[in-house]
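Enquirer: Take a look at this one; I'll ask things after.
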Amino acid sequence: MEVFLARQPILTKNQQVFGYELLYRNNLLENFSLIDDEQATLEVINSFIQIGIDDLSEGKPCFVNFTYKLLQNDIPTCFSPSTIVVEILETVDITNEVIDICRRLKVKGYKLALDDFDMINNSVNLDKILRIVDIVKIDVQKTSREQQLQLVKLLKKYNVELLAEKVETRDEYERCLQNGYEYFQGYYFSKPVILSTNDLVAQYNSFFTIMDELSKPSPDIDKIAFMIERDISISYKLLKLINSPLFGRLNEIKSIKQAIVLLGLKELSKWIYVLYIRNTATIHTNTSDEVIKMCLTRARTSELIAVKIGKGVESSSYFLTGLLSLIDTVLKQPIERVMDQLPLGQEIKDTIIGIRSPYSDVHRLVMSIEKGDWPEISKISERIKIDQSELSNIYINSIKWTKDVLYGTMKGKSK
């Protein structure tokens with residue numbers, strides 16, 4: 001499934017890029033479907049992970065819209081303070097609770113912006129919120145010249161910077177510049193550039209089982225890793241997240257359990273919530289079903305062979321190698337590019353790319369079983385010392401296992 005995201009630059013007085021606003025789109029055109037604000041933000045966050053934070057931000061902060069519910073659930077803290085500007089939508093009622101949330105975000109170092117500021121809409125706690133936020137956005141198309149001047153006069157009393165949005169002509173830009181605006185955004189400078197990539201849709205039941213375990217007083221990390229490993233979408237996004245600047249670009253991940261430990265259960269819970277809410281509104285397609293089945297079957301077959309030849313300690317690494325072996329096909333991206341974006345151990349990356357590694361024999365054996373290449377099966381089996389008669393049972397069991405995973409007949413089994 002292809003995902004889309006629009007990125008519009010926010011410029012300084014000198015027309016240098018200060019940051020980018022990320023906007024939801026559902027195609028490569030300028031129009032977008034009528035979805036609610038919360039779903040739009042979740043789509044943006046998903047694309048933020050999928051396309052890559054570095055590719056989107058180019059080292060600049062990204063303005064992301066947040067609804068009341070997303071603020072209440074602490075979703076902004078999924079990102080580091082240097083990565084985003086928390087943009088509070090005009091639809092958010094500035095209650096005392098919202099004020100408290102904003103104060104906590106400020107203490108943590110986040111920059112806050114008020115979207116489409118209007119004195120009437122923000123009159124209840126106007127003074128309190130203006131003493132907290134860093135940037136106030138004023139829509140120059142929605143407000144008259146007289147209203148803009150009143151807003152600018154009011155806001156000069158506070159330590160905020162003004163951002164003029166929807167600037168469409170040179171005259172509008174020059175008036176805003178004269179009135180003291182610090183930042184500018186609109187079609188006069190640049191239309192949003194729409195970016196796209198292919199997304200992986202998570203299995204329907206995955207989120208429920210993971211969230212159920214995470215909600216327990218003492219979550220079992222082994223069980224959580226087991227459940228995530230069975231879903232290529234969540235596995236891939238977890239690895240992408242771990243390899244982002246948010247977590248210091250950790251390297252050499254050799255298992256999903258290791259990724260969970262490095263991320264932490266608290267952070268994992270937030271991201272699972274984000275992906276779950278977003279996933280519930282996604283239209284499921286069957287485009288990659290067969291590829292997903294093959295990935296899971298390869299993963300399980302690799303894992304079982306590893307155990308059989310005395311490599312049980314590394315079985316999770318063999319599993320991960322098989323799971324991600326067709327990720328380039330699913331994402332429709334060159335395999336080298338995908339590997340560069342994931343914090344995998346070098347031996348796993350080499351195996352998937354086709355470079356000789358300690359995992360190569362098992363990986364090639366699994367693919368030979370798929371193709372029915374008996375001469376190759378015989379040669380590799382002899383080299384790694386596994387009885388060929390065992391391979392048939394392993395592969396058949398792996399196919400059954402994959403069916404169980406995809407169609408929900410597994411009832412809490414563990415590896």
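The values are calculated or read from the model by the stated rules, or taken from the named source; none is laboratory data. The structure displayed is predicted, hence computed values, not measured ones. Cβ atoms come from the backbone with ideal geometry, glycine included; neighbour counts cover every protein chain shown.
Enquirer: Could you say which residue among ASN243, ASN251, ASN279, ASN286 is polar (S, T, N, Q), within 17 Å of LEU326 (Cα to Cα) and at pLDDT below 85?
Expert: Within the list ASN243, ASN251, ASN279, ASN286, the selection yields ASN286.
Enquirer: Among the helices (runs of 4 or more DSSP H) lying completely within region 64-177, list those that include at least 1 residues that are touching a helix residue (DSSP H, G or I) at 6+ places or on another chain (Cβ under 8 Å) and over 30 Å from LYS240 (Cα atoms).
Expert: The helices (runs of 4 or more DSSP H) meeting that bar are 96-107, 126-130, 145-155.
Enquirer: A further question follows. All but one of (1) more than 18 Å from ARG298 (Cα to Cα); (2) outside any helix (DSSP H, G or I) hold for ILE386; which doesn't?
Expert: If we test ILE386 against (1) more than 18 Å from ARG298 (Cα to Cα); (2) outside any helix (DSSP H, G or I), just (1) comes out false.
Enquirer: Have a look at ILE10, ILE45 and point out the one that is under 19 Å from the mean Cα position of the chain (by Cα) and either at pLDDT 70 or above or assigned to a loop (DSSP other than H, G, I, E, B) (or both).
Expert: Values: ILE10 fails: under 19 Å from the mean Cα position of the chain (by Cα).
Of ILE10, ILE45, the one residue that is under 19 Å from the mean Cα position of the chain (by Cα) and either at pLDDT 70 or above or assigned to a loop (DSSP other than H, G, I, E, B) (or both) is ILE45.
Enquirer: Determine, yes or no, whether ASP118 is surrounded by 14 or more Cβ atoms within 10 Å (Cβ to Cβ) and of a type in the set (Asp, Glu). Quick ask: steps written out before the conclusion?
Expert: Numbers: surrounded by 14 or more Cβ atoms within 10 Å (Cβ to Cβ): yes; of a type in the set (Asp, Glu): yes.
Taking the combined requirement at face value, the residue satisfies it.
Enquirer: Find all pairs meeting these conditions: Cβ atoms under 8 angstrom apart; at least six residues apart or on different chains; first residue within region 339-361 and closer than 17 Å to GLU314 by Cβ and in the same structural domain as THR329 (by TED's automatic domain parsing); second residue among the aromatic types (Phe, Trp, Tyr) and part of a helix (DSSP H, G or I).
Expert: TYR359/TYR318
Residues are listed down the side, and each one gets a yes or a no for (1) among the acidic types (Asp, Glu); (2) within 24 Å of THR83 (Cα to Cα):
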position: ILE99; (1), (2): no, yes
position: GLY109; (1), (2): no, yes
position: LEU114; (1), (2): no, yes
position: ARG131; (1), (2): no, yes
position: LYS137; (1), (2): no, yes
position: GLU146; (1), (2): yes, no
position: LEU149; (1), (2): no, no
position: LEU162; (1), (2): no, yes
position: ASN179; (1), (2): no, no
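Enquirer: Among the candidates VAL140, VAL133, VAL107, which residue alone is without any contact (Cβ under 8 Å) to a residue 12 or more places away in the chain and out of contact with any His (no Cβ under 7 Å at 6 or more places or on another chain)?
Expert: Among VAL140, VAL133, VAL107, only VAL107 is without any contact (Cβ under 8 Å) to a residue 12 or more places away in the chain and out of contact with any His (no Cβ under 7 Å at 6 or more places or on another chain).
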